[in-house]
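Down below is the structure, laid out as structure tokens.
The values are calculated or read from the model by the stated rules, or taken from the named source; none is laboratory data. What you see is a predicted model, and the numbers here were worked out from it, not measured in a lab. When we count neighbours, we look across all protein chains shown, and the Cβ atoms used for this are built from the backbone with ideal geometry, even at glycine. To get the accessible areas, we keep the full protein, side chains included, count just its heavy atoms, and leave off ligands, DNA and RNA. Shrake-Rupley method; radii C 1.70, N 1.55, O 1.52, S 1.80 Å.
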Amino acid sequence: MVVETMGEAAWQDVLSQADLQGEHFISGQCYSDDVTFALIDAATKVSGMAQDDLLKSFGKYWIGYTANSSYGTMFRVGGDQLVTFLTNLNRMHASVHATMPESRMPSFEMLRNEHGRIDVLYTSDRTGLTAFVEGLLKGLMEYFGETGYITLEETPEGEVFSLHCAGKKSELKGAA
Ligand code: HEM
């Protein structure tokens, strides 16, 4: 996202600010969370964006990017509806975990799905990624053509994201 929106020089700047010059990132390999959070901090500085806005944008960007990458097949087998996809998400992560044993996957549990509202409980042993998750969920809504907005509630069990779906873009157009 840094390269696409701000150019290669900005990415080099991010690497240098994160003290990661010369680092090569290889797909399918695990990296320490220190690397991830150093990159987030550096990208925040270089972009001048507020960290939560950057993470939200990155979550949205990541869905579009991944759905059109070699992981696209996994997106398609995850289901053709938002609810089905979210229901299958833990299984999808479990199958990725089988190929990356060192990964620590998050959990998404569907708590409620009625009257256009989907509640999902997000739990993870990491902290600091809430805004990223919100962006991912917004990205998924857009991927499935859903309009609407997301609210967040902190609960003792974890963070509950409520996806308020106002209807499919195509259906709204049809109704107009
Ligand atoms: C093709 C689809 C996907 C693949 C291959 C994939 C794979 C992964 C991998 C490899 C990690 C890193 C875990 C680690 O290194 O410890 C991860 C983390 C994560 N994934 Fe996915 N994922 C996919 C889809 C999604 C989607 C659609 C969401 C949307 C909610 C999501 C949410 C997350 C979050 C929030 C994390 C951060 C880890 C944490 O919270 O602790 N993933 N995923």
**Fill in**
Diffing the range 39-50: the Karplus 3J(HN,Hα) column from phi (6.51, -1.76, 1.60, θ = phi - 60°), in whole Hz with x for Gly and Pro, holds 5, 4, 4, 5, 5, 5, 5, 5, 7, x, 7, 5
**Request:** Counting only GluC sites (Glu not before Pro) that are in a DSSP loop and have at most 12 other C-beta atoms within 10 Å, tell me the longest site-free stretch of the chain.
**Result:** 24-101
**Item:** Karplus (6.51, -1.76, 1.60) ³J(HN,Hα), θ = phi - 60°, over the range 87-104, in Hz, Gly and Pro reported as x
**Value:** 5, 8, 4, 5, 5, 5, 5, 5, 6, 5, 4, 4, 8, 10, x, 7, 6, 10
**Message:** Show me the three semi-axes of the equivalent ellipsoid for the range 71-118, from the C-alpha gyration tensor (sqrt of 5 times each eigenvalue), largest first, rounded to whole Å.
**Reply:** 23, 14, 6
**Message:** Give me the percent of accessible area attributable to carbon and sulfur for the chain, probe 1.4 angstrom.
**Reply:** 53 percent
**Request:** Could you run the Karplus curve 6.51 cos²θ - 1.76 cosθ + 1.60 with θ = phi - 60° over the range 128-134 and give me ³J(HN,Hα) per residue in whole Hz, x for Gly and Pro?
**Result:** x, 10, 3, 5, 4, 4, 4
**Complete:** Taking a ≥ b ≥ c as the square roots of the Cα gyration tensor eigenvalues, with a/c under 1.5 meaning rounded and otherwise prolate when a/b beats b/c or oblate if not, the range 1-159 comes out prolate
**Asked** Taking a quarter of the surface of the convex hull around the Cα atoms of the range 34-119, what do you get in nm²?
**Response** 7.3 nm²
**Message:** Suppose only helical runs count, i.e. DSSP H with n ≥ 4. What mean residue ellipticity at 222 nm does that imply for the chain under -39500 (n - 2.57) per run, divided by all residues and rounded to the nearest 500 deg cm²/dmol?
**Reply:** -16000 deg cm²/dmol
**Prompt:** aspartates and glutamates near LYS60 by alpha-carbon distance under 15 Å, same-chain residues fewer than 8 away left out - which ones?
**Reply:** GLU4, ASP52, GLU134, GLU142, GLU146
**Request:** Starting from the alpha-carbon convex hull of the range 115-164, give the projected area averaged over all orientations, in nm².
**Result:** 3.6 nm²
**Complete:** Full extension between GLU154 and SER124 adds, at 0.36 nm per residue less the Cα distance, a length in nm of 9.5 nm
**Item:** Net lengthening on full extension, HIS164/ASP19 (0.36 nm per residue, minus Cα-Cα)
**Value:** 48.1 nm
**Request:** Quote the accessible area belonging to TRP62 in square angstrom, nearest 10, computed with a 1.4 Å probe and with ligands, DNA and RNA left uncounted.
**Result:** 100 Å²
**Prompt:** Anyone know which of HIS93, HIS24, HIS115 comes out most mobile in the 10 Å Cα GNM of the chain?
**Reply:** HIS24
**Message:** When 1/r is averaged over all different Cα pairs and the result inverted, which Kirkwood radius in Å belongs to the range 1-62?
**Reply:** 12.0 Å
**Complete:** The orientation-averaged projected area of the Cα convex hull of the range 35-75, in nm², is 3.3 nm²
